[in-house]
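Chemist: Got a structure for you, questions after.
The values are calculated or read from the model by the stated rules, or taken from the named source; none is laboratory data. Treat the numbers as computed from the prediction; the structure is a model and nothing was measured. Neighbour counts run over all protein chains shown; Cβ positions are idealised from the backbone, glycine included. Heavy atoms of the whole protein, side chains included, go into the accessibility calculation; ligands, DNA and RNA do not. Shrake-Rupley method; radii C 1.70, N 1.55, O 1.52, S 1.80 Å.
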Amino acid sequence: MKVKVGNNLYSMSTGEYRGLLKTASEQVPFGIYAVERNGYAELRNDRCTSMSQLKNLTRQYRAAGFNVKSNKDK
């Protein structure tokens, strides 16, 4: 699996990615922390201020074909 973190691209197993994903989810309390599709994932730090902003961002990524990982707790 290819994982983009910042400007760097890493190759790692799915298990390693899941561990990294858990850590990333803890860093973004309300927003999108990762998007993924077809063996490619990108860690994000998109913090949102409202539920409507989060929904709009989610729709944009899904329209581009990504699965979106987000937290909805403020």
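Chemist: What are the pairs, 6+ residues apart or on separate chains, where a residue within segment 34-60 that is over 25 Å from THR14 (Cα atoms) and open to solvent by 40 Å² or more (accessible area, probe 1.4 Å) has its Cβ under 8 Å from a residue that is modelled with pLDDT under 95 and in a helix (DSSP H, G or I)?
Modeler: Going by the 8 Å Cβ cut-off, there are no qualifying pairs.
Chemist: Can you give me the ranges of the strands (runs of 3 or more DSSP E) entirely in the chain with at least 2 residues that are within 11 Å of the chain's Cα centre (by Cα) and β-branched (Val, Ile, Thr)?
Modeler: 2-5, 30-37
Chemist: Moving to a separate point now. Report, by residue number, each residue of segment 1-19 that is hydrophobic (A, V, I, L, M, F, W, C) and open to solvent by less than 60 Å² (accessible area, probe 1.4 Å).
Modeler: Passing the criteria: VAL3, VAL5, MET12.
Chemist: Let me ask something else about it. LYS22 - would you say it is surrounded by fewer than 13 Cβ atoms within 10 Å (Cβ to Cβ), over 18 Å from TYR10 (Cβ atoms) and among the basic types (Lys, Arg)?
Modeler: It is false that LYS22 is surrounded by fewer than 13 Cβ atoms within 10 Å (Cβ to Cβ), over 18 Å from TYR10 (Cβ atoms) and among the basic types (Lys, Arg).
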